[in-house]
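Structure, as structure tokens:
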Amino acid sequence: MSMSHETGKLYILDSFALLAFLGGEAGMERVQEVLQAAKRRQAHAHMPSICLGEVLYITERERGLSVAQKTLAAIEQMPIDILDATRPRVLAAAHIKANFRVSYADAFAVAAAQEIGATVLTGDPEFAAVESATVIHVEWLPR
């Protein structure tokens, strides 16, 4: 299957997308395609550090600390650029959170998508309101 349509495309992975990928859930194949394209430098995958933290706390809560530590080690091997929570990003996320009914972590994903002009890859219905306000572009994963 040709992935030429991915060329240079920027993606933000939220915690929904990465948890679906790690858990082999619906949407896993699409996340895998994006990560494979990123590995070939045909696309770029980014994730806010706040979303990474969300993946890890959910994993630790559900499956324990050692699984969370292995998960972090696995993520660090993936072609995902982790975006630090810099002061400008925190302020942008706070603005998103104030105006939309999204979680704080999701606000960082939205702010990152705005900052770099990326598509958010998610199945989280919270993003629908933000997308309908044409604040960002969302590619919806199956749920």
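The values are calculated or read from the model by the stated rules, or taken from the named source; none is laboratory data. Computed from a prediction, not measured in an experiment: that's the story for all the values here. Cβ sites come from the backbone with ideal geometry, for glycine too, and all protein chains shown count toward neighbours.
Right, Val55: within 21 Å of Leu10 (Cα to Cα), modelled with pLDDT of 95 or more and touching a helix residue (DSSP H, G or I) at 6+ places or on another chain (Cβ under 6 Å) or not?
On the way: within 21 Å of Leu10 (Cα to Cα): yes; modelled with pLDDT of 95 or more: yes; touching a helix residue (DSSP H, G or I) at 6+ places or on another chain (Cβ under 6 Å): yes.
Criteria met by Val55.
Which residue out of Ala105, Ala112, Ala129 is of a type in the set (A, V, I, L, M), touching a helix residue (DSSP H, G or I) at 6+ places or on another chain (Cβ under 6 Å) and either over 23 Å from Glu33 (Cα atoms) or part of a helix (DSSP H, G or I) (or both)? Steps first, please.
On the way: Ala112 fails: touching a helix residue (DSSP H, G or I) at 6+ places or on another chain (Cβ under 6 Å); Ala129 fails: touching a helix residue (DSSP H, G or I) at 6+ places or on another chain (Cβ under 6 Å).
Answer to the selection: Ala105.
Applying the selection to the range 18-47, what residues are polar (S, T, N, Q) and in contact (Cβ under 8 Å) with a residue 12 or more places away in the chain?
Residues satisfying the conditions are Gln36, Gln42.
When the residues of the range 105-143 are narrowed to those that are modelled with pLDDT under 95 and hydroxyl-bearing (Ser, Thr, Tyr), which ends up nearest to Leu83 (Cα to Cα)?
Ranking the candidates gives Thr134 first.
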